[in-house]
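Peer 1: Quick one: structure below, then a few questions.
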Amino acid sequence: MLRKIFQKFFYYLIKGTLVVAPVAGAIFVIVWLVATLDGALNITEHFLEDESGHPLYIPGIGILSVILLLALVGLIFTNLVTAPIRSWMTRTINKIPLFNTLYSSIKDFTEAFVGDAKKFNEPVLVDVNEYGLKKVGFLTQKDLQAIGLPGEVVVYFPYSYSVAGQVVIISSEKVHKLNMSATDAMKLVVSGGVSGLEGGKEKRDVLE
């Protein structure tokens, strides 16, 4: 009797963990990131003090300041900064050693997610070898004639449980479109294959 009660208790404990752990983990990561950024960017601590003379911390001011600053910069660059000024800024940045490499890499990576020409929005399945091994990736470049590689494409393979990934150049004949959203494909890879299959079945169409 006692053994059955313990087994039931352990069963419900596992079920409860499966429900709570993902929610608690996601909330913890979000709260930690927001609190860390907010604490690092909170400007009130530099010029405001409480009644005891200690720096005054107002929760949320750091994040709000960054959001307003980004919106202001976007407004200025969209409506006031002309194309010649942008070209001059780009040329100037390209002349600065090391900084230009970091700037262009971060700029391209950011635009791949939130820019007008998103790059990680075309999930594909790549035939890796003759034994049937396949990998899920994202098609980022369809035309490599400029570097003397006609018929080749660039595919980015994210790593599971990581923010890193691998870039490969491969024949377009070995790359097939996937009938699933980019979000589901990313979830499938990053989760190690345990989630993201809600997007549907694979298409075996070779890229044109």
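Peer 1: Among the residues of segment 46-80, what is the count of those that are at pLDDT 75 or above and either aromatic (Phe, Trp, Tyr) or part of a loop (DSSP other than H, G, I, E, B) (or both)?
Peer 2: Of the residues in segment 46-80, 2 are at pLDDT 75 or above and either aromatic (Phe, Trp, Tyr) or part of a loop (DSSP other than H, G, I, E, B) (or both).
Peer 1: Yes or no: Thr110 at pLDDT below 75, assigned to a helix (DSSP H, G or I) and either of a type outside the set (A, V, I, L, M, F, W, C) or in contact with a His (Cβ under 8 Å, 6 or more places away or on another chain) (or both)?
Peer 2: So Thr110 fits the description; yes.
Peer 1: Please list, ordered by first then second residue, the pairs with beta carbon atoms under 7 Å, 6 or more apart or interchain, first in segment 67-96 and closer than 28 Å to Leu41 by Cα, second assigned to a helix (DSSP H, G or I) and hydroxyl-bearing (Ser, Thr, Tyr).
Peer 2: Going by the 7 Å Cβ cut-off, the qualifying pairs are Ile93/Tyr103.
Peer 1: Looking at segment 1-45, which of its residues are closer than 30 Å to Gly62 by Cβ and outside any helix (DSSP H, G or I)?
Peer 2: Asn42, Ile43
Peer 1: Right, another one. Of these, Leu133, Leu149, which one is surrounded by 12 or more Cβ atoms within 10 Å (Cβ to Cβ) and modelled with pLDDT of 75 or more?
Peer 2: Result of the check over Leu133, Leu149: Leu149.
The values are calculated or read from the model by the stated rules, or taken from the named source; none is laboratory data. Remember, it's a predicted structure, so these values are computed and weren't measured experimentally. For neighbour counting, all protein chains shown are included, and Cβ atoms are generated from backbone atoms with ideal geometry for every residue, glycine included.
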